[in-house]
1. Scan segment 169-207 for residues that are over 22 Å from G272 (Cβ atoms) and assigned to a helix (DSSP H, G or I) and jot them down.
2. Under the condition of being closer than 24 Å to Q254 by Cβ and among the acidic types (D, E), which residue from segment 191-231 is surrounded by the fewest Cβ atoms within 10 Å (Cβ to Cβ)?
3. What's the number of the condition G257 fails, among (1) within 21 Å of V215 (Cα to Cα); (2) at pLDDT 90 or above?
4. If we keep just the residues of segment 109-133 that are free of Cβ contacts under 8 Å to residues at least 24 places away in the same chain and surrounded by fewer than 17 Cβ atoms within 10 Å (Cβ to Cβ), which is farthest from R72 (Cα to Cα)?
5. Determine which member of the set A62, A28 is in a helix (DSSP H, G or I), touching a residue at least 12 places away in the same chain (Cβ under 8 Å) and out of contact with any helix residue (DSSP H, G or I) (no Cβ under 7 Å at 6 or more places or on another chain).
6. Which fully enclosed helices (runs of 4 or more DSSP H) of segment 220-327 have 1 or more residues being touching a Leu at 6+ places or on another chain (Cβ under 7 Å) and among the aromatic types (F, W, Y)?
7. Can you spot a residue in segment 95-108 that is in a helix (DSSP H, G or I) and free of Cβ contacts under 8 Å to residues at least 24 places away in the same chain?
8. Are there any pairs with C-beta distances below 8 angstrom linking a residue in segment 154-165 that is farther than 15 Å from N140 by Cβ to a residue that is among the β-branched types (V, I, T), with the two at least 6 apart or on different chains, and if so which?
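The values are calculated or read from the model by the stated rules, or taken from the named source; none is laboratory data. All values derive from a computational prediction rather than experimental measurement. Counting neighbours? That spans all protein chains shown, and the Cβs are built from the backbone with ideal geometry, glycine included.
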Amino acid sequence: MLGFQPYETFQLLIETGGIDRTNTLLIAACDAYTRRGKATAPEMEQFEALASRLFPIAGPQAKAKGAAILGRAEVLSPALERLVVENIGEDLNTFLNGAKELSEQTMLSIVSRYDVPGAATIAARPDLSNVVLAKLFQMNSRKVYRALASNTHIVPRGAYLSALARSAQMDHMVAESLAKRSDFDAALLAPAFFDLSDTDRLKVIQAFAHRETPVAPIKKTIEQLTVANAELTKALMKLFSENRRPEVTKLLSQITGLDEVRCGQIAHDVTGSALFVILRAFGCSAYDGLKVLIHATSHDNDRSRALADFATMFGNVTPDAMAYLMSAWRGEVNLLELAKPEYKPFTETSRRTPSSLAPAHNPVVEQAIEALARIGIKRAS
């Protein structure tokens, strides 16, 4: 068979040769099958019968070696896949990752026995059926969810979208993977905002641009304080210019209802993204908001560009949307409501217009920079 002696000769050698002969035969047969390339149906059937006799009676090392060799074959039937999975030992994940094709039956067998490393390897494959996906999403494993979040072959919608969004709230690595995906609504990462990188935080804010949101529970509180909007921005600007960030923390805690730890993160965030959310939620205009941000942030290399980005967001993101984002930080809203049609963004960025051109020559930015230059800016370190 397959360049070796006839099948009957193999059977005779198995029965009379002892375990050493069996080990040799197993490795030789697996090697022959792998070298054969794409075996015909009769050849595969014949080899299945032979392998099913050899594997149970071979020694542990021969089983592992034979399975590793067989795992490199171009085509494996479900029965042969099962023999590989059962006998390959420590190289199982290498096989699961490298196999050109895996049967649904083999994938389900790995998942059903709650083999977390194996399931995580399967979760990264591009050829997952809906049945396998459903089983993977039912696993309570960070490793599996991290693999699912990074797998761009999985479309995040329906129950899968909900599961990934919930997982992002508990695992920053899932949140980071989802933030890098263009097919995932970054607004759903609001609860993980403070676990994300500076760039990804801006993506979350930008996901609320040109978008209606449900009424935020914190909105009534904000409405009661907006009458003192000018005093608020003036107080923040003074505190930041004098680098009195602990006092900023206390002030933010009083007006937002967020805990002091979170407010401390906002007060010490030199990128300004979290502070922007607060300022815009309380109705600050671009002009007043930029005056606060320029004192609170550190933009030594490219200050004007960073300000231009914030100015653009002041124009594109509504106070109600940022109030909703604040409520998400407080755990008061169900973010999955944003998946409803009425809350989808109603404008799309044109691919033909580079986003870098949008803030160019923004008069609000230029006026703010000129005014601040006149009064002399003392930036916080």
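1. Hits for segment 169-207 are Q169, M170, M173, V174, S177, L178, L188.
2. Of all residues in segment 191-231, those closer than 24 Å to Q254 by Cβ come to 191, 193-194, 201, 205, 215-231.
Of the ones still in play, those that are also among the acidic types (D, E) are 223, 231.
Numbers: E223: 13, E231: 10.
By that ranking, first place goes to E231.
3. Condition not satisfied by G257: (2).
4. Within segment 109-133, the first condition is being free of Cβ contacts under 8 Å to residues at least 24 places away in the same chain, and the residues that meet it are 112-113, 115, 130.
This time we only want the ones that are surrounded by fewer than 17 Cβ atoms within 10 Å (Cβ to Cβ), so: 112-113, 130.
On the way: S112: 24, R113: 24, N130: 26 Å.
Selected residue: N130.
5. Details: A62 fails: out of contact with any helix residue (DSSP H, G or I) (no Cβ under 7 Å at 6 or more places or on another chain).
The match here is A28.
6. Working: elements: 229-241, 245-256, 260-267, 273-281, 286-296, 303-316.
Where helices (runs of 4 or more DSSP H) fall fully within segment 220-327 and carry at least 1 residues being touching a Leu at 6+ places or on another chain (Cβ under 7 Å) and among the aromatic types (F, W, Y), they are 273-281, 303-316.
7. Let us first name the residues in segment 95-108 that are in a helix (DSSP H, G or I), namely 95-98, 104-108.
Going one step further and asking which of them are free of Cβ contacts under 8 Å to residues at least 24 places away in the same chain, we end up with none.
Checking segment 95-108: not a single residue is in a helix (DSSP H, G or I) and free of Cβ contacts under 8 Å to residues at least 24 places away in the same chain.
8. Y160/I154
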